[in-house]
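*Asks:* My structure is below; once you've seen it, I'll send some questions.
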Amino acid sequence: MAEKTTLYTPDQRFEIQEGKKKGLNTTVYEDPIFLAIQMREIRLALEKGLDVSVLRNPELDWLQMEEIRLGLEDRIDVSRYADPAISYHAMRQIRKGLECGVDVSDFLDYPPMVVRQIRKSRRDGVDIMKYVAEGYKDDQLEQIRISLTRKVPIEEYLRVEYRAPSIEEFRVGLEKGLDITLYVNPSYEWRQMREIRLGLENRIDTSLFSNPLFLAPQMREIRLGIEEGLDVSSYAALRFSAMDMRNMRLALREEVNRAARISSSSESLDFDRLDKLVSDENAPVEEVPFKVIISPDGMEAYLSVIDKDHRLTEEEIFKETWNCKIRKGLLRNEIKKIAEGAIEEDTILIAVGQNAKNGKDGWYEYFFNTNVNRRPKLLPDGSVDYQDIEWYDAVKKGDVIALYHKAEDGVDGYDVEGNILKSIRGREQPVLAGSGFVMDKDRCTYTAKTDGMVKLENDRLEVSEMLEIEEVTTAVGNVVFEGSIRVKENVGAGVVIRAGKDIIIDGFVEGATLEAEGDIILRKGINGAGRGKIRAKGNVSAKFIESADVYAGGSIHIDYAMNSVLYSEEMVEAKMRTGTIVGGVCTGVKGVSAQSIGSKAGKQTLIRAGSSTALLKLNNEIYRKLSSAQEEVRILDNVRREMEAKLDPVQLAEQPVYEKVQNALYTKGRELEDLTARQEEVRSRLLELSRAVILAKGTIYDGVRVQLGSANWVSEKELTDVTLRKARNGHEEKIFAYHNGRDPGDPDAIVE
């Protein structure tokens, strides 16, 4: 045994010793034929209590072993792919397919990345095999798969010669309701297509740059100029490079901005400057008994009388204004009055320029209420209205829901010398993104594609189908619908309602289960009797929640909650005048706000904030993956060094294992970078949570328990109008109660 032991590398010995320390049967991999990284995969499988017989094959590389190990962990039939002849890429696709009930082991003649798209298409319930047979590559197939999954009618525009980014431009354009025939052309490469698509989205005339001879950067400069309302005709030519175009665009913008500054500065005359001009001793001696002075901004001209005894004639004045290069804006009536002696002032305004007037920006007119905030309304008396507030706006199929009014041209101005002051055309608004509507050929009129509810959220227009039911009881049965569900009356105990969008219930809810991809809105409330469950990816709003288990991916808005388990990834708010949380457990990851917390009877109440179970789980998972990847990189790097020490470059080039090690080091290096970036992001979010607070405008009663992150606190007496927040006390973090409205940095703000 001693002779065999000397053949092991330090990493191999480490894997054997590590296995023995954990009480594993290391004899299954105690063989120098296994690389340390292969030993590691067998050891990890043994630690999970898995049958490693299929892994005891030195012909399997460590990447293949990893895919088999992961399959064993997920209890799938690894015999479908545990073959050294199958690449680890292909193994991964078979494994992931089997995990979701899809078998792609019959497609191994295709490249692994094509198999990946076949797997995903079968998972999504679409068929891409026609395009696989036609020879589309994996990245092209990905865009086709996404299009088919989203029911985007892309088929008629597909050709094998279009690269994946081009197909993506087709998909995005169709999703936004654009006329993509304007750029579906093999003469365009995908960057040119993108510029035309962006132009169409912003409703500009793309004909000025839709010449395939323009490079994409040139197209971009022309597009940006048009979007800024500039006259791009001076540089929209092939002879100018993109950099030349950019410089000319910026110069045009500055010219327009200068004109705008002139326009804004010419609203009133600077009399001090004019007086200096009139009394300028260095000015040339005039042959006429008056001076014509043009204001510094060129927008006004004045006649200053020198010899009051001389009777001026219109001819003299017009002749002198011409000599002074005044070409526009003459006030002929004023000049006539001067000639008639009807004006006694020494200085008279005789010409005025016209300010440029910019065009009006494009704008949308909506034919539904866009201000539905889905929050209960606080009435003047402190009560909360859950009944009359509008939760949504309903539309019928074919209803016009939005109308776009196009941007308008501006009106050019001029100064008194006749120089044109360019106006700016109003900016067009992008076409509306969203679903459930169609855009007419005029690209301005939006109509509902179905009966349902309409909302505008984050500049996205959505019309979702709505199923309306009078009442849901066990007699009706469970309700599952892809769109939104509205129940006009009550929901009985024991039923399940699942919606692909929102759930809105006008009546009372008993011990039912409600699940929604969007918001859940209860006009009255739920008395779950310990059986009620609410799960929403969005917000949950209810007048009351009693004896129910509630989860919200957004916020929870309530009047009061009693003996319930509330968990919100955002805020729990019961801050109306009667807003109360009593009994149970209430968790608001980003904070909890209530009027009163707990009760005089000392009902056990736990309030938590500043800690996210999902975020902590994700952080731990990233840490585990990061540690594992770092260990793999260390072992692989040692293998690389050992091989380089034993073999010359020619021999190394003939070693497939060396190439695999090099590739794996590169891949793992990228993985480490991604994991490190994700870890920093999660840590930043956790740091933000550390600032969460518990706010009580009313009373926190004796006995209420509070957790802020890892810090704990118990109320030992009734406290009124306070905020609970974490602060460092020596080497530990503690929770302190602060008077509301006081600076937390003020020691006197802390409640005794």
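The values are calculated or read from the model by the stated rules, or taken from the named source; none is laboratory data. Given the structure is predicted, the values throughout are model-derived calculations rather than measurements. Reconstructed Cβ throughout: ideal geometry from the backbone, glycine too, with neighbour counts over all protein chains shown.
*Asks:* Restricting attention to region 587-596, does a residue exist that is at pLDDT below 90, in a strand (DSSP E or B) and either under 17 Å from Gly698 (Cα atoms) or among the β-branched types (Val, Ile, Thr) (or both)?
*Replies:* Looking through region 587-596, none of the residues is at pLDDT below 90, in a strand (DSSP E or B) and either under 17 Å from Gly698 (Cα atoms) or among the β-branched types (Val, Ile, Thr) (or both).
*Asks:* Another question, if that's okay. Would it be correct to say that Leu514 is over 27 Å from Phe437 (Cα atoms) and assigned to a strand (DSSP E or B)?
*Replies:* yes
*Asks:* Residue check, Met243 against (1) closer than 25 Å to Asp459 by Cβ; (2) without any contact (Cβ under 8 Å) to a residue 24 or more places away in the chain; (3) not polar (S, T, N, Q), all met but one. Which one?
*Replies:* (1) is the only condition that Met243 fails.
*Asks:* If the requirement is being over 30 Å from Tyr560 (Cα atoms) and outside the structural domain of Thr9 (by TED's automatic domain parsing), which of these qualifies: Gln651, Gln595?
*Replies:* Gln651
*Asks:* Being touching a helix residue (DSSP H, G or I) at 6+ places or on another chain (Cβ under 8 Å), charged (D, E, K, R) and in a helix (DSSP H, G or I): is that true of Arg641 here?
*Replies:* no
Table: residues versus (1) touching a residue at least 24 places away in the same chain (Cβ under 8 Å); (2) of a type in the set (A, V, I, L, M, F, W, C); (3) outside any helix (DSSP H, G or I); (4) under 27 Å from Gln679 (Cβ atoms).
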residue	(1), (2), (3), (4)
Arg577	yes, no, yes, no
Ser599	yes, no, yes, no
Ser611	yes, no, yes, yes
Asn619	yes, no, no, yes
Leu636	yes, yes, no, yes
Gln651	no, no, no, no
Lys660	yes, no, no, no
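*Asks:* Name the residues in region 304-329 that are farther than 23 Å from Ile420 by Cα and in a loop (DSSP other than H, G, I, E, B), would you?
*Replies:* Correct list: Ile306, Asp307, Lys308, Asp309, His310, Arg311, Leu312, Thr313.
*Asks:* For region 684-727: of the residues being polar (S, T, N, Q) and not in a loop (DSSP other than H, G, I, E, B), which is surrounded by the fewest Cβ atoms within 10 Å (Cβ to Cβ)?
*Replies:* Ranking the qualifying residues of region 684-727, first place goes to Ser684.
*Asks:* Please go through region 635-656 and pick out each residue that is loosely packed, with under 13 Cβ neighbours inside 10 Å and under 19 Å from Met65 (Cα atoms).
*Replies:* Pro656, the sole residue that qualifies.
*Asks:* Taking region 97-141 as the region of interest, how many residues are among the basic types (Lys, Arg) and buried (at least 21 other Cβ atoms within 10 Å of the Cβ)?
*Replies:* 3
*Asks:* Filter region 47-72 down to residues that are more than 16 Å from Tyr88 (Cβ to Cβ) and surrounded by fewer than 20 Cβ atoms within 10 Å (Cβ to Cβ), then give me how many there are.
*Replies:* 7
*Asks:* Pull up region 435-454, narrow it to residues that are modelled with pLDDT of 85 or more and in a strand (DSSP E or B), then point me to the one that is surrounded by the fewest Cβ atoms within 10 Å (Cβ to Cβ).
*Replies:* Per the criteria, the residue is Val438.
*Asks:* Hey, another quick one. Give the residues of region 185-197 that are of a type outside the set (Lys, Arg) and crowded, with 20+ Cβ neighbours inside 10 Å, sorted by residue number.
*Replies:* Once the filter is applied, which keeps residues that are of a type outside the set (Lys, Arg) and crowded, with 20+ Cβ neighbours inside 10 Å, region 185-197 yields Tyr188, Gln192, Met193, Glu195, Ile196.
*Asks:* Looking at region 198-242, which of the residues that are touching a Pro at 6+ places or on another chain (Cβ under 9 Å) and not assigned by TED's automatic domain parsing to the domain that holds Leu178 is farthest from Asp361 (Cα to Cα)?
*Replies:* Among them, the one singled out is Ser241.
*Asks:* Can you find, within region 326-345, the residue that is nearest to Lys308 (Cα to Cα) among those that are touching an Asp or Glu at 6+ places or on another chain (Cβ under 7 Å) and surrounded by 15 or more Cβ atoms within 10 Å (Cβ to Cβ)?
*Replies:* Among those that are touching an Asp or Glu at 6+ places or on another chain (Cβ under 7 Å) and surrounded by 15 or more Cβ atoms within 10 Å (Cβ to Cβ), it is Ala339.
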